[in-house]
Amino acid sequence: MDLDYKEIGRRITHRRRELGLKQYQVEERADTAYKYLSSIERGISIPSTEVIMRLAVALETTPDEFLVGTARHEDEEWKSVAELLRTMDEKHLKLARSLLTWLSEEPL
């Protein structure tokens, strides 16, 4: 499955505007670099799994809203997963991304 990063950026923009937030406000909430969100929203930068998770927390939604266009607001389990990812180093994040990719492709 190939991800359309321009579409992901549009979904992030849509959610941010739904909440009435400016880019800098989301960047502060998600602890990302200045102007990085602009690059993500325009599909120029490809966000890591960790950044997607932090943006989801900052925008009060789930990562699947950005990745596939649907959200699960009733299930808060993803927030605890996002918090775990925040503490990981690069090596562990790569491993977590591989695991999450594998899980997303497995039938339930």
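The values are calculated or read from the model by the stated rules, or taken from the named source; none is laboratory data. What you are looking at is a predicted structure, and each value in this text was computed from that prediction instead of being measured. Don't worry about glycine lacking a Cβ; one is built from the backbone with ideal geometry, like all the others, and counts go over all protein chains shown. Ligands, DNA and RNA are excluded from the accessible area calculation, which covers all protein heavy atoms including side chains. Shrake-Rupley method; radii C 1.70, N 1.55, O 1.52, S 1.80 Å.
The figures follow:
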{"read-out": "Which listed residue, of Glu41, Glu77, Glu60, is at pLDDT 95 or above and not aromatic (Phe, Trp, Tyr)", "value": "Glu41"}
{"read-out": "Among the residues listed as Leu95, Leu85, Leu3, the single one being at pLDDT below 85, open to solvent by 30 Å² or more (accessible area, probe 1.4 Å) and of a type in the set (A, V, I, L, M, F, W, C)", "value": "Leu3"}
{"read-out": "Qualifying residue in region 49-61 (condition: part of a helix (DSSP H, G or I), without any contact (Cβ under 8 Å) to a residue 24 or more places away in the chain and open to solvent by 20 Å² or more (accessible area, probe 1.4 Å))", "value": "no"}
{"read-out": "Any hit, region 70-79, residues being outside any loop (DSSP other than H, G, I, E, B) and open to solvent by less than 60 Å² (accessible area, probe 1.4 Å)", "value": "yes"}
{"read-out": "Filter pass, Glu105 being acidic (Asp, Glu) and in contact (Cβ under 8 Å) with a residue 40 or more places away in the chain", "value": "yes"}
{"read-out": "Breaking point among (1) crowded, with 20+ Cβ neighbours inside 10 Å; (2) modelled with pLDDT under 95; (3) not charged (D, E, K, R), for Ala33", "value": "(1)"}
{"read-out": "Selected residue (only one of Ile12, Ile46, Ile40, Ile8 is open to solvent by 60 Å² or more (accessible area, probe 1.4 Å) and within 12 Å of the chain's Cα centre (by Cα))", "value": "Ile46"}
